[in-house]
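Participant: Quick one: the structure is below, and I'll ask about it shortly.
The values are calculated or read from the model by the stated rules, or taken from the named source; none is laboratory data. Quick caveat, the model's predicted, so the values are computed rather than measured. Here the Cβ positions follow ideal geometry from the backbone for every residue, glycine too, while neighbour counts run over all protein chains shown. In case anyone asks, the SASA skips ligands and DNA or RNA and just uses the protein heavy atoms, side chains included. Shrake-Rupley method; radii C 1.70, N 1.55, O 1.52, S 1.80 Å.
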Amino acid sequence: MNYQDNIGGSGQYELIKRRRSEVPDAERVLTLQGKLYQKAKLEREYKFYVLYDKMFIPYMLREAWKQVKQNAGSPGIDGVSIADIEQNGVKDYLEELGEELRTRTYRPRAVKRVMIPKANGGERPLGIPTVKDRIAQTVCKMILEPIFEADFEECSHGFRPNRSSKGAMQMIKENLVKGKTTILDADLSNYFDTIPHDKLITAVKLRITDPRMLQLIEMWLKCPVYENGQFKGGKKQKMGTPQGGVISPLLANVYMHLLDRIIGSTKSLFYAHGVSIVRYADDFVLMGKSIPPEVMKKLRALIERMGLHLNENKTKLLNATKQTFDFLGFTIRYSRDLFVPGKKYWEIFSSSKSESKIRERIRAFLRIGGHYTPEKVAAGLNAIIRGWLNYFDLSGLSYMKMPRRRLRFYLVTTIHRYYNRKSQRKSRLYRQKAFEVLKARFGLIDPTMYSLGFSSK
């Protein structure tokens with residue numbers, strides 16, 4: 001259950017029947033979020049002018065701490081880890097943070113930036129706020145998210161509660177079946193790093209007018225970045241939300257909602273030409289029976305007006321009945337039916353790039369695990385395989401029979417080589433069918449036999 005299901009007020013009645021100490025923190029947060037969501041949903045033009053007092057409510061801080069702890073993560077610039085906080089006392093730590101928020105003496109620390117390798121050989125920046133800042137941002141997100149959720153369009157699927165890539169792919173397939181086979185596969189250049197602060201705050205103000213909440217958001221946006229021994233950005237910074245910040249995905253959705261709303265408006269040029277959008281965070285496609293030049297021109301003007309930039313090298317217009325296209329790691333293809341002559345159907349499966357990524361993850365795991373026991377090898381590989389299949393194997397939507405077979409073949413050959421390299425010390429699985437042994441004795445997942453709910457031995 002979530003706050004969107006809790007509109008009727010039954011949750012509040014249940015709270016009244018029990019003592020406050022008997023109500024779990026998560027339930028109390030859910031009830032508060034339900035109230036905010038209901039207010040925003042029923043009054044579309046309402047602006048919330050008193051929200052900051054909820055930032056230092058003890059149960060909000062406790063629930064935020066649970067979420068931050070569950071997500072784990074590295075220490076920020078102050079070097080304080082989750083384990084350090086637990087060792088020194090969580091209660092005192094949260095009380096101190098709550099007092100800083102109450103007296104408005106809270107000041108976020110600089111964000112530590114690390115570079116994450118990308119599959120194409122490049123690097124992606126990742127910001128790591130301190131644990132304290134992650135807790136404060138989580139509380140803020142718990143307050144603001146239900147308000148903006150009441151406004152977000154159905155075409156938006158990324159970084160939202162109870163939504164995932166499956167919904168986006170389902171919507172794409174439904175549009176294709178309706179004949180919307182002309183696709184504009186759009187790509188924004190460095191979206192998170194180029195969001196203009198002034199325009200983002202203007203978008204937030206459409207719903208939030210509490211100056212204390214707005215000041216918090218601006219402080220997080222203007223946090224300096226610590227990279228390679230130097231501090232960058234700060235108060236003079238005018239664009240970007242640090243990737244890795246808890247609040248960043250929500251703010252990114254708030255800003256892109258402007259585009260969703262314009263494209264989906266019944267008064268828009270897009271609607272007049274039957275063009276719709278499917279979006280997951282900053283990745284989106286436009287779909288229509290045709291996408292004329294004036295629609296393309298309008299999109300570019302909107303993107304430019306928002307202070308963003310289309311990557312022209314990666315943005316392409318295509319006919320999906322003749323060309324395949326990739327979205328969110330999936331490949332969409334109009335395929336011939338092997339059994340019914342002349343019949344075609346829309347096929348969705350993992351892209352070759354996605355398959356390359358999982359093979360690289362398997363190689364990397366085995367590369368550093370030269371001395372792992374068979375139990376540890378099976379457990380580590382299972383985590384990789386299970387996560388990949390759970391993402392791509394969408395019941396009734398994606399076709400993963402061949403990708404499963406290719407993954408199994410890769411596992412068989414790679415695990416065989418892995419144990420044969422141990423020939424000098426004659427490991428237990430040397431010159432054996434290592435994949436089959438790991439599968440039978442240690443619960444290694446066979447991709448061709450895996451199903452949702454599978455649990456290894």
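Participant: In the stretch 226-275, what residues are open to solvent by 20 Å² or more (accessible area, probe 1.4 Å), polar (S, T, N, Q) and closer than 30 Å to V114 by Cα?
Facilitator: N228, Q230, Q237, Q243
Participant: While we're looking at this one, here's another question. Which pairs do you get when a residue that is over 15 Å from H416 (Cβ atoms), found in the stretch 366-377, comes within reach of a residue that is assigned to a helix (DSSP H, G or I) and modelled with pLDDT of 90 or more, reach meaning Cβ atoms under 8 angstrom, with the pair 6+ apart or on two chains?
Facilitator: From the stretch 366-377, the pairs are G369/K376; G369/V377; G369/G380; Y372/G380; E375/F442.
Participant: Restricting the stretch 150-173 to residues that are polar (S, T, N, Q) and more than 21 Å from L318 (Cβ to Cβ), which is surrounded by the fewest Cβ atoms within 10 Å (Cβ to Cβ)?
Facilitator: Per the criteria, the residue is N162.
Participant: Filter the stretch 329-343 for residues that are part of a loop (DSSP other than H, G, I, E, B) and either open to solvent by less than 80 Å² (accessible area, probe 1.4 Å) or charged (D, E, K, R) (or both) and give the result.
Facilitator: G329, D337, V340, K343
Participant: Please verify whether the stretch 299-306 includes one or more residues that are assigned to a helix (DSSP H, G or I) and in contact (Cβ under 8 Å) with a residue 60 or more places away in the chain.
Facilitator: Yes, the conditions are met somewhere in the stretch 299-306.
Participant: Any idea which of S456, S451 is under 15 Å from K376 (Cβ atoms) and modelled with pLDDT under 90?
Facilitator: Residue meeting the stated conditions: S456.
Participant: Look through I201, I208 and report the one residue that is closer than 26 Å to Y46 by Cβ, surrounded by fewer than 20 Cβ atoms within 10 Å (Cβ to Cβ) and in contact with a helix residue (DSSP H, G or I) (Cβ under 9 Å, 6 or more places away or on another chain).
Facilitator: Exactly one residue qualifies, and that residue is I201.
Participant: Answer yes or no: is there a residue in the stretch 164-177 that is basic (K, R) and part of a loop (DSSP other than H, G, I, E, B).
Facilitator: No, because not a single residue in the stretch 164-177 is basic (K, R) and part of a loop (DSSP other than H, G, I, E, B).
Participant: Looking only at the stretch 357-396, filter to residues that are surrounded by fewer than 17 Cβ atoms within 10 Å (Cβ to Cβ), of a type in the set (S, T, N, Q) and under 23 Å from the mean Cα position of the chain (by Cα); which one of those is nearest to Y450 (Cα to Cα)?
Facilitator: That would be N390.
Participant: Okay, next question. Can you pull out the residues in the stretch 333-354 that are in contact (Cβ under 8 Å) with a residue 40 or more places away in the chain and farther than 19 Å from G396 by Cα?
Facilitator: Matches in the stretch 333-354: K353 only.
Participant: While we're here: Inspect all residues belonging to the stretch 270-279 and state whether any of them is small (G, A, S) and more than 30 Å from I183 (Cα to Cα).
Facilitator: No.
Participant: Do we have Y3 as surrounded by 11 or more Cβ atoms within 10 Å (Cβ to Cβ), among the hydroxyl-bearing types (S, T, Y), at pLDDT 95 or above and out of contact with any strand residue (DSSP E or B) (no Cβ under 8 Å at 6 or more places or on another chain) here?
Facilitator: no
Participant: Just for the stretch 344-355: of the residues that are in a strand (DSSP E or B) and either of a type outside the set (A, V, I, L, M, F, W, C) or at pLDDT below 90 (or both), which one is least open to solvent (accessible area, probe 1.4 Å)?
Facilitator: The extreme case among them is S350.
Participant: I'm checking my understanding of the structure. Among residues of the stretch 397-423 that are farther than 21 Å from S352 by Cα and assigned to a loop (DSSP other than H, G, I, E, B), which one is most open to solvent (accessible area, probe 1.4 Å)?
Facilitator: R421
Participant: Of the residues L144, L176, which is buried (at least 18 other Cβ atoms within 10 Å of the Cβ), under 26 Å from L310 (Cα atoms) and modelled with pLDDT of 95 or more?
Facilitator: L176
Participant: I've got another one for you. Please go through (1) open to solvent by less than 10 Å² (accessible area, probe 1.4 Å); (2) of a type in the set (A, V, I, L, M); (3) more than 29 Å from R113 (Cβ to Cβ) for V139 and return the number of the only condition it doesn't satisfy.
Facilitator: Among (1) open to solvent by less than 10 Å² (accessible area, probe 1.4 Å); (2) of a type in the set (A, V, I, L, M); (3) more than 29 Å from R113 (Cβ to Cβ), the lone unmet condition for V139 is (3).
Participant: Next question. Give all pairs with beta carbons closer than 6 Å in which a residue from the stretch 106-134 that is open to solvent by 70 Å² or more (accessible area, probe 1.4 Å) and at pLDDT 85 or above meets a residue that is assigned to a strand (DSSP E or B) and among the small types (G, A, S); count only pairs at least 6 apart in sequence or on separate chains.
Facilitator: R113/G127
Residue-by-condition table, conditions (1) at pLDDT 95 or above; (2) touching a strand residue (DSSP E or B) at 6+ places or on another chain (Cβ under 7 Å); (3) open to solvent by less than 50 Å² (accessible area, probe 1.4 Å); (4) not hydrophobic (A, V, I, L, M, F, W, C):
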position: Q38; (1), (2), (3), (4): yes, no, no, yes
position: V50; (1), (2), (3), (4): yes, no, no, no
position: P58; (1), (2), (3), (4): yes, no, no, yes
position: V68; (1), (2), (3), (4): yes, no, yes, no
position: G76; (1), (2), (3), (4): no, yes, yes, yes
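Participant: Restricting to the stretch 6-36, count the residues that are charged (D, E, K, R), crowded, with 17+ Cβ neighbours inside 10 Å and modelled with pLDDT under 60.
Facilitator: Residues that pass the stated criteria total 0.
Participant: Any residue that is touching a residue at least 40 places away in the same chain (Cβ under 8 Å) and in contact with a Leu (Cβ under 6 Å, 6 or more places away or on another chain) - is there at least one of those in the stretch 212-235?
Facilitator: yes
Participant: Among the residues of the stretch 203-259 satisfying the criterion of being assigned to a strand (DSSP E or B) and at pLDDT 90 or above, which is nearest to A64 (Cα to Cα)?
Facilitator: Checking each candidate, the answer is I208.
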